[in-house]
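The values are calculated or read from the model by the stated rules, or taken from the named source; none is laboratory data. Keep in mind that what you see is a predicted model, and the values were worked out from it rather than measured. Cβ placement follows ideal geometry from the backbone for every residue including glycine, while neighbour counts extend to all protein chains displayed. Remember, those area values only see protein heavy atoms, side chains included, never the ligands or the DNA or RNA. Shrake-Rupley method; radii C 1.70, N 1.55, O 1.52, S 1.80 Å.
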Amino acid sequence: MESTLVQRWSFILKKKGLLRLARNGSQRAAHGGYAYLKEWLWWAGLISMAVGEAANFAAYAFAPATLVTPLGALSVLVSAVLSSYCLNERLNVHGKMGCLLCIIGSTVMVVHAPQEEEVSSLSAMAEKLKDPGFIVYATFVRSCPQSRDPD
């Protein structure tokens, strides 16, 4: 949950930095401007985003994906709340409904998530690799065309 807070706070910091630049009349990045690279608030947001992503990645080592992923979806709710308080943005009815659906969906996913089976030996892993579901998935992934660089 902390990674979600850090990630969403990073968006607020970056947006505050960009809004500050817009008030000062700096040229936007879309038009060739690079003033945001000199803005410390934007850099603080970028660094906090990297910290949040690293924490999210680390969470998968300590908890099953069926728990971590739905809680990551709550970042929509955190972002909406932080935006309304820190950026004075209004949350309309659709936004409120979206937040409610995120809470309900995350709760349902966490409550009804199946228990993960741990693989404790190489022979158990070999048995899982022979599972028809995995074979179909691996065949599908392997048969998908891969993009190549034209260089």
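Key figures for this structure:
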item: Ordering of 118-126, 101-109, 9-17, 49-57 by burial proxy (mean other Cβ atoms within 10 Å per residue, highest first); result: 9-17, 49-57, 101-109, 118-126
item: Cα lying deepest toward the dipole's positive end in the stretch 11-122, options 122, 98, 109, charges on Cβ; result: 98
item: Cα-derived Rg to Rh of the chain, Kirkwood definition; result: 1.10
item: Heavy-atom accessible surface of the chain: percent carbon and sulfur, 1.4 Å; result: 64 percent
item: The stretch 55-151: trypsin sites (Lys or Arg not before Pro) in DSSP loop, at most 14 other beta carbons within 10 Å; result: 90, 130, 148
item: Residue-normalised accessible area of the chain, expressed per residue, 1.4 Å probe, Å²; result: 76 Å²
